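First up is the structure itself, then whatever we jot down about it.
The values are calculated or read from the model by the stated rules, or taken from the named source; none is laboratory data. Please read these numbers as outputs of a predicted model, since none were measured by experiment. Cβ: placed from backbone, ideal geometry, glycine included. Neighbour counts: every protein chain shown. Heads up: the accessible areas ignore ligands, DNA and RNA and are worked out on the full protein's heavy atoms, side chains in. Shrake-Rupley method; radii C 1.70, N 1.55, O 1.52, S 1.80 Å.
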Amino acid sequence: MLIHSPRTYKLVRPLFFALPPEAAQRAAHLALKPTPLWRAVGSMIGVVDEALNTTLCGITLRNPIGLAA
């Protein structure tokens, strides 16, 4: 499930907040689990910009979000 628009988020958010915390976490895990579909979608919507490159301990990361993980 892709939540890109504010309208979609407004529809999905109440559903997640209505669930018990453990169930919401499991649902989020299942939705975000790496699958062939996510890999295909990621390759279509990914951003490649040299300005985002970051180097950490000699490892080049394509974007600074990789640092948070």
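Contact map, the range 9-26: first residue without any contact (Cβ under 8 Å) to a residue 40 or more places away in the chain, second residue of a type outside the set (Ser, Thr, Tyr) and open to solvent by 100 Å² or more (accessible area, probe 1.4 Å), Cβ cut-off under 8 Å, separation 6 or more or different chains; pairs are VAL12/MET1; ALA24/PHE17. Taking the numbered list (1) surrounded by 10 or more Cβ atoms within 10 Å (Cβ to Cβ); (2) modelled with pLDDT under 80 in turn, THR54 passes all entries but (2). Within the range 33-42, can one find any residue that is without any contact (Cβ under 8 Å) to a residue 24 or more places away in the chain, open to solvent by 100 Å² or more (accessible area, probe 1.4 Å), out of contact with any Asp or Glu (no Cβ under 8 Å at 6 or more places or on another chain) and more than 28 Å from VAL12 (Cα to Cα)? No, the conditions are met nowhere in the range 33-42.
May I ask you to list the residues in the range 6-30 that are assigned to a helix (DSSP H, G or I) and surrounded by 12 or more Cβ atoms within 10 Å (Cβ to Cβ)?
Residues of the range 6-30 that are assigned to a helix (DSSP H, G or I), as a first pass: 6-18, 21-30.
Of everything in the range 6-30, those that are assigned to a helix (DSSP H, G or I) and surrounded by 12 or more Cβ atoms within 10 Å (Cβ to Cβ) turn out to be THR8, VAL12, PHE16, ALA24, GLN25, ARG26, ALA27, ALA28.
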